[in-house]
Amino acid sequence: MEDVIRRTTKEDQKIARRSLRDFQLVSQSVKSSRKKGVKIKVYETGEFITIPKKALTLLSTILQNMAEGKTISIVPSSSELSTQQAADMLNVSRPHLVKLLEANKIPFKKVGSHRRVLLNDVIVYKEYLAKQREAQLDFLTNQAQDLNLGYE
């Protein structure tokens, strides 16, 4: 996995904000088209480029995140991560991640003495954790309401 992460600059953020709404409107109108590709004109060169419709959706997501000032990183879902990279994605320590791997909570393979985790498996586990947290928060909220703890 190539780590090319550059922070979104304030100038990038301004440009993304200005273009986002127009881009989303154009993107919505193109979605109804039966064609698989979309032609984009590069103003500076006058050239037309055809890209897949899915790439247009991805560009919209990138612009949205840049407009919010977030750092963007695009990685193929079949990419393998080191234990440190996977731990960073989950916001846990590397030793904790290794415990999760050894407990078979997240699939992994060994390359020599190193563990490798598929990005997709980390994403699936992260989504699982989010669902678990949501369920626990719902339970606590309902319990607080039932006990009339003063939360309105």
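Please treat every number below as a calculation from the coordinates, not as lab data. Everything numeric here is computed off the predicted structure, so don't read it as measured data. Counting neighbours? That spans all protein chains shown, and the Cβs are built from the backbone with ideal geometry, glycine included.
Observations
- Helices meeting the span-like rule in the chain (full DSSP H runs, Cα extent of at least 20 Å along the helix axis, mean Kyte-Doolittle score of 0.5 or higher): 53-67.
- Considering only alpha-carbon pairs that sit under 8 angstrom and 6 or more positions apart, the relative contact order computed for the chain is 21 percent.
- Alpha-carbon Debye profile of the range 1-81, log10 I(q)/I(0) at 0.11, 0.17, 0.23 Å⁻¹: -0.36, -0.84, -1.18
- Volume in Å³ per residue [convex hull over Cα atoms, computed for the chain]: 224
- Length available on full extension from residue 114 to residue 19: 0.36 nm per residue minus the Cα-Cα distance, which gives 29.8 nm.
- Pairs of C-alpha atoms in the range 62-152 farther apart than 23 Å represent 44 percent of all such pairs.
- Candidates 115, 21, 34, ranked by Gaussian network fluctuation over the chain, Cα under 10 Å, top entry: 34
- Across the range 10-67, C-alpha contacts under 8 Å between residues 6 or more apart give a mean separation that, scaled by the residue count, equals a relative contact order of 48 percent.
- When the charge dipole of the range 80-146 is built from unit charges on Cβ atoms (+1 for Lys and Arg, -1 for Asp and Glu) and taken about the Cα centre, the candidate among 129, 118, 91 whose Cα reaches farthest toward its positive end is 118.
- Among the listed pairs 10/53; 39/109; 14/53, a Cα-Cα separation exceeding 31 Å is found for 39/109.
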